[in-house]
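Reviewing the structure listed below.
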Amino acid sequence: LPSQVWRGKEHHQPNSSWYLPSGFLEIDEKINGWPLGTLIEIVPQQIGIGEFSILLPALARLSQGSRWILLVCPPYIPYAPFLSNMGLDTSKVIVTHAETISDAGWCMEKGLQSNACSAVIGWLPQITEKIIRRLQLTLEEKNVLGIFFTKPTTRHKNNPAPWRFILRKKNHEMLVEIPKRRGGGPISPISISN
């Protein structure tokens, strides 16, 4: 049954309804926006380069709907006036913290299962392969943005997350590399003004 085997090289045009415009033309032209229903790993070159800001236009759009945006274990308390200034309805943002990586993974999983969230974003520097697989299985066929941030040292570590974005700061621009994506090969670095 070779015809039923999917090969990475056989990339087909994705269903645009499963992508959320990123708010950055350069990203949307290359990959149609943020993929929904699949787990995305974001690896910043270093913490504090504005890595969360790359999500703000999309989160602002999502916050206009009826569902919640769940932030799990952010390293800093989100500054509500800034988020509001960026267009987010902060009344739709829930922030939760967990004592262990296992608990943080559980919080993300429950947020994804609830159908009450349009986006679930976690900061999980010590994420395990088991947690990644559980989150990906939970996300399948859901119209939800699922993202986790890892620490810079995981840049070359292999894991089962279907998408990986590596962010680097260069002058006043953010360079976005996509070395791994479902349904296609790596994308050359995308430069966006930040």
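The values are calculated or read from the model by the stated rules, or taken from the named source; none is laboratory data. Every value quoted in this text rests on a predicted model; they were computed, and no experiment measured them. Heavy atoms of the whole protein, side chains included, go into the accessibility calculation; ligands, DNA and RNA do not. Shrake-Rupley method; radii C 1.70, N 1.55, O 1.52, S 1.80 Å.
For Ile40, enumerate residues with amide H under 5 Å from its amide H, sequence gap 5+ or separate chain, H modeled in the peptide plane.
Gly146, Ile147, Phe148
Working with all protein chains in place, sort Leu137, Leu62, Leu88 by solvent-accessible area computed with a 1.4 Å probe, largest first.
Leu137, Leu62, Leu88
Using the Karplus equation 6.51 cos²θ - 1.76 cosθ + 1.60 (θ = phi - 60°), what ³J(HN,Hα) coupling, rounded to whole Hz, does each residue of region 23-38 give in order, writing x for Gly and Pro?
These are the phi-based 3J(HN,Hα) values: x, 10, 3, 4, 6, 4, 5, 7, 10, 6, x, 7, x, 9, x, 8 Hz.
Cα gyration tensor of region 28-100, axes a ≥ b ≥ c as square roots of the eigenvalues: rounded (a/c below 1.5), prolate (a/b > b/c) or oblate?
Here region 28-100 falls in the rounded category.
Sort Arg168, Arg61 by heavy-atom solvent-accessible area, probe 1.4 angstrom, most to least.
Arg61, Arg168
Accessible area per residue of region 87-192 at 1.4 Å probe, in Å²?
For region 87-192, the per-residue accessible area is 48 Å².
Region 130-194: Rg/Rh from Cα coordinates, Kirkwood Rh?
1.00
Expressed as a rounded percentage, what relative contact order does region 89-194 have, with Cα pairs under 8 Å and six or more residues apart?
RCO, region 89-194: 18 percent.
Using just the Cα positions, wrap region 88-180 in a convex hull and report its mean projected area in square nanometres, one decimal place.
7.2 nm²
Suppose we keep just the DSSP beta bridges with both residues in region 43-194; what percent of those would be antiparallel, to 5?
Roughly 45 percent of the DSSP beta bridges within region 43-194 come out antiparallel.
With the contact rule set at Cα under 8 Å and sequence spacing of 6 or more, what percent relative contact order holds for the chain?
27 percent
So how much accessible area does Ser53 have, in Å² to the nearest 10, using a 1.4 Å probe?
The value for Ser53 is about 30 Å².
List, largest first, the extents of the alpha carbons of the chain along their principal axes, each in whole Å.
Projected onto its principal axes, the Cα set of the chain covers 53, 38, 34 Å.
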